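The values are calculated or read from the model by the stated rules, or taken from the named source; none is laboratory data. Just so you know, these numbers come straight off a predicted model, no measurement behind them. Cβ: placed from backbone, ideal geometry, glycine included. Neighbour counts: every protein chain shown.
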Amino acid sequence: MATKQKQLIETPIDGGTFISLQKSANEGDLSMETKLSLLYKLQQADSKIDKIHLLRGELPLEVKDLEDDIEGLKTRAENLQTEIKDIEKLIYQKKMDLENSKSLIEKYTAQQNNVKNNREYDSLTKEIEFQGLEAELSEKRIKENTITLAEKKSAYALALTALEERKKDLENKQKELDSIVAETARDEEELVKISEEIQAQIDARMLAAYKKVRSNARNGLAVVTVRRDACAGCFNKIPPQRQMDIASSKKIIVCEYCGRILVNAEFEKE
């Protein structure tokens, strides 16, 4: 019976793997131990920045959602306002049509009293009937659009109320976010500066590997130590021989379970 082999995780770096990264890591003036130490220090700085961002919680997203809601409500209110104006114009036009029909009915009725023959009388009668139908249609359209107008005005009022509520919510959330940002701005600025200074010292391919692993890690940890014989990232056991290789800091060791870069635990003391 064939033994099932353990599947090792490889992290792609520019189309290659950590094997190509290992080759580039051996190049340059810095020793491998120094490079790994720099990676660990970079991780510490970036993790502290992550904690600062964590303090803000969902506030940035909530602020963005409220801003989107406000824009949507503004657009809805503008559209409703345009529709209200159009309906009011239509009602006004139908009222004018109604008055015109009534005026014509009065005119034709008066003319019937002075007709000279039945043909003229019948013609006027048809005109009166036609204008009567036009008047009924105008009244119907006026009633329908009056109801629609009331609904649109109600919807417009609700949209304005919701808009004001969203604006107040946004103002409160923005103040809360600004307060947290102000409290942590200096620390974040210093940490970002430290992170950038360390990145400038790290080989481009190694830095790309770090960022790749970090982007895939749920907690943002790309570089971890070995604690209690296990990876500090995924907590899976690390074989003794592999631990010795990690402690020697002579090459890049990657956790075969989570793909994180493993470094000497002594770096924590530094």
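Using beta carbons and a limit of 9 Å, which pairs, at least six apart or on different chains, have the first residue in segment 172-199 and within 30 Å of Lys35 (Cα to Cα) and the second one not in a helix (DSSP H, G or I)?
Final answer for the pair search is Thr184/Arg56.
Given the conditions (1) farther than 30 Å from Leu149 by Cβ; (2) in contact with a helix residue (DSSP H, G or I) (Cβ under 9 Å, 6 or more places away or on another chain), which single one is not true for Leu54?
Among (1) farther than 30 Å from Leu149 by Cβ; (2) in contact with a helix residue (DSSP H, G or I) (Cβ under 9 Å, 6 or more places away or on another chain), the lone unmet condition for Leu54 is (2).
Can you tell me which residue in segment 101-131 is surrounded by the fewest Cβ atoms within 10 Å (Cβ to Cβ), limited to those that are among the hydrophobic types (A, V, I, L, M, F, W, C) and not in a loop (DSSP other than H, G, I, E, B)? Lay out the reasoning, then the answer.
Of the residues in segment 101-131, the ones among the hydrophobic types (A, V, I, L, M, F, W, C) are 104-105, 110, 115, 124, 128, 130.
Filter once more, keeping what is not in a loop (DSSP other than H, G, I, E, B): 104-105, 110, 124, 128, 130.
On the way: Leu104: 17, Ile105: 18, Ala110: 10, Leu124: 19, Ile128: 19, Phe130: 14.
In this case the residue turns out to be Ala110.
Consider segment 189-207. How many of its residues are crowded, with 16+ Cβ neighbours inside 10 Å and in a helix (DSSP H, G or I)?
The first filter runs over segment 189-207 and keeps only residues crowded, with 16+ Cβ neighbours inside 10 Å, leaving 191, 194-195, 198-199, 202-203, 205-207.
Remaining after also requiring in a helix (DSSP H, G or I): 191, 194-195, 198-199, 205-207.
Within segment 189-207, residues that are crowded, with 16+ Cβ neighbours inside 10 Å and in a helix (DSSP H, G or I) number 8.
Out of Thr146, Thr82, which single residue is within 30 Å of the chain's Cα centre (by Cα) and either β-branched (Val, Ile, Thr) or under 30 Å from Asp178 (Cβ atoms) (or both)?
Thr82
Residues that are surrounded by 15 or more Cβ atoms within 10 Å (Cβ to Cβ), touching a residue at least 60 places away in the same chain (Cβ under 8 Å) and part of a loop (DSSP other than H, G, I, E, B): does segment 136-152 have at least one?
At the first step, the residues of segment 136-152 found to be surrounded by 15 or more Cβ atoms within 10 Å (Cβ to Cβ) are 138-139, 141-142, 145, 148-149, 152.
So of that shortlist, the ones also touching a residue at least 60 places away in the same chain (Cβ under 8 Å) come out as 148-149, 152.
Keeping just the survivors that are part of a loop (DSSP other than H, G, I, E, B) gives none.
Within segment 136-152, none of the residues are surrounded by 15 or more Cβ atoms within 10 Å (Cβ to Cβ), touching a residue at least 60 places away in the same chain (Cβ under 8 Å) and part of a loop (DSSP other than H, G, I, E, B).
Being at pLDDT 85 or above, surrounded by fewer than 13 Cβ atoms within 10 Å (Cβ to Cβ) and of a type outside the set (Ser, Thr, Tyr) narrows it down to one residue among Leu42, Leu54, Leu61, Leu36; which is it? Spell out the reasoning first.
On the way: Leu42 fails: surrounded by fewer than 13 Cβ atoms within 10 Å (Cβ to Cβ); Leu54 fails: at pLDDT 85 or above; Leu36 fails: surrounded by fewer than 13 Cβ atoms within 10 Å (Cβ to Cβ).
Just a single option satisfies the conditions, and that option is Leu61.
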